[in-house]
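To start, the structure itself, in structure tokens.
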Amino acid sequence: MAAPMELFCWSGGWGLPSVDLDSLAVLTYARFTGAPLKVHKITNPWRSPSGTLPALRTSHGEVISVPHKIITHLRKEKYNADYDLSARQGADTLAFMSLLEEKLLPVLIHTFWIDAKNYVEVTRKWYAEAMPFPLNFFLPGRMQRQYMERLQLLCGEHRPEDEEELEKELYQEARECLTLLSQRLGSQKFFFGDAPASLDAFVFSYLALLQQAKLPSGKLQAHLRGLHNLCAYCTHILSLYFPWEGAEAPPPRQTPANPESEEEPHRRRNQILTVLAGLAAMAGYALLSGIVSIQRAPSARAPGTQALGIAEEDEEE
């Protein structure tokens with residue numbers, strides 16, 4: 001008997017089954033199709049087989065970490081939300097997917113990762129509370145830098161040099177995109193009628209994050225809440241496909257109920273190695289940044305001197 005497919009994704013929060021855009025899209029598509037996945041909701045990407053989230057381990061042991069490729073694999077396994085779409089609807093799907101990535105994704109990145117108030121009070125706060133020590137000290141900042149680079153790639157070479165002008169342009173295009181989505185949805189349950197398709201999984205992941213998060217700076221959020229059919233659309237999908245998971249809070253850091261269990265030695269080992277890795281990383285940063293300096297005596301160097309190294313080991317599920 002083949003091993004079950006396993007999906008590793010970010011945990012839930014803000015009333016959503018996952019706080020991550022890509023994880024939420026893959027989770028939603030899997031629910032739409034009824035794909036039999038063993039889901040691991042985690043807050044440490046090092047526990048993923050690819051080191052990133054989301055990631056799918058197939059029944060044959062292959063690891064896929066790109067959302068679109070994960071969905072393509074599910075289609076090959078006969079879990080296809082677009083099976084009944086016409087050629088015209090398939091073309092519309094591609095057009096709207098391109099619209100989402102070009103007009104809405106840059107603003108979502110800006111809203112959650114670039115806007116200073118939202119990042120400090122919402123995004124970084126959630127990840128810092130959910131991640132284990134010492135990852136919560138440096139991973140949110142690393143993720144922010146990665147999203148900054150992604151935003152630069154999305155905006156391209158023709159982006160305005162003035163940051164205020166760029167922000168104004170991005171938000172204007174995003175508002176137009178939301179209005180267009182609202183007009184296309186109309187009074188339907190889903191974008192192509194009474195059954196959800198892959199487009200619905202991606203649109204929902206974009207809109208639900210924007211709708212559910214309590215943002216201190218919510219310029220686009222206010223526009224979305226004025227489009228009542230899109231808000232009802234998100235609420236409908238949450239209640240229908242995630243009835244028990246929609247109210248998840250940021251996951252607490254758990255401790256084993258039985259300290260004598262067989263997993264305890266491994267858990268202790270991983271905790272100790274993680275702390276040592278964090279201390280080594282902070283020591284290396286202090287040396288490289290000049291906070292701490294080492295002066296060598298004029299005498300010969302002591303034998304056996306070794307460079308500091310960082311040992312990383314994935315936590316076991």
Flag if Leu180 is among the aliphatic types (A, V, I, L, M), in a helix (DSSP H, G or I), within 25 Å of Tyr241 (Cβ to Cβ) and open to solvent by 10 Å² or more (accessible area, probe 1.4 Å):
yes
Do we find that Val26 is under 11 Å from Leu7 (Cα atoms), β-branched (Val, Ile, Thr) and open to solvent by 50 Å² or more (accessible area, probe 1.4 Å) in this structure?
no
So which residues in segment 68-95 are within 26 Å of Met5 (Cα to Cα) and of a type in the set (S, T, N, Q), if there are any at all?
Thr72, Asn80
Could you go through segment 174-187 and let me know if any residue there is modelled with pLDDT of 90 or more and closer than 24 Å to Gly34 by Cβ.
yes
Right, Glu62: in contact with a His (Cβ under 7 Å, 6 or more places away or on another chain), without any contact (Cβ under 8 Å) to a residue 60 or more places away in the chain and either closer than 21 Å to Arg150 by Cα or open to solvent by 30 Å² or more (accessible area, probe 1.4 Å) (or both) or not?
no
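Considering segment 130-146 alone, what residues qualify as being surrounded by 15 or more Cβ atoms within 10 Å (Cβ to Cβ) and touching a residue at least 40 places away in the same chain (Cβ under 8 Å)?
Keep residues of segment 130-146 that are surrounded by 15 or more Cβ atoms within 10 Å (Cβ to Cβ), which gives 130-132, 134-136, 139-140, 143-144.
Of everything in segment 130-146, those that are surrounded by 15 or more Cβ atoms within 10 Å (Cβ to Cβ) and touching a residue at least 40 places away in the same chain (Cβ under 8 Å) turn out to be Ala130, Met131, Pro132, Pro134, Leu135, Leu139.
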Could you say which residue among Glu121, Glu173 is open to solvent by 70 Å² or more (accessible area, probe 1.4 Å), under 25 Å from the mean Cα position of the chain (by Cα) and of a type in the set (Asp, Glu)?
Glu121
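Checking the condition of a type in the set (A, V, I, L, M) and assigned to a loop (DSSP other than H, G, I, E, B), which residue from Val26, Val39, Val19 passes?
Working: Val26 fails: assigned to a loop (DSSP other than H, G, I, E, B); Val39 fails: assigned to a loop (DSSP other than H, G, I, E, B).
Criteria check complete, one pass: Val19.
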Exactly one condition in (1) part of a helix (DSSP H, G or I); (2) open to solvent by 50 Å² or more (accessible area, probe 1.4 Å) is false for Asp84; which is it?
(1)
Matching option when the condition is buried (at least 21 other Cβ atoms within 10 Å of the Cβ) and touching an Asp or Glu at 6+ places or on another chain (Cβ under 7 Å), among Ser217, Ser198, Ser205:
Ser198
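The values are calculated or read from the model by the stated rules, or taken from the named source; none is laboratory data. Keep in mind the model is a prediction, meaning the values are calculated, not measured. In this analysis, Cβ positions are derived from the backbone assuming ideal geometry, glycine residues included, and neighbour counts consider all displayed protein chains. Ligands, DNA and RNA are stripped out before the accessible areas are found, and what is left, the full protein with its side chains, is counted by its heavy atoms. Shrake-Rupley method; radii C 1.70, N 1.55, O 1.52, S 1.80 Å.
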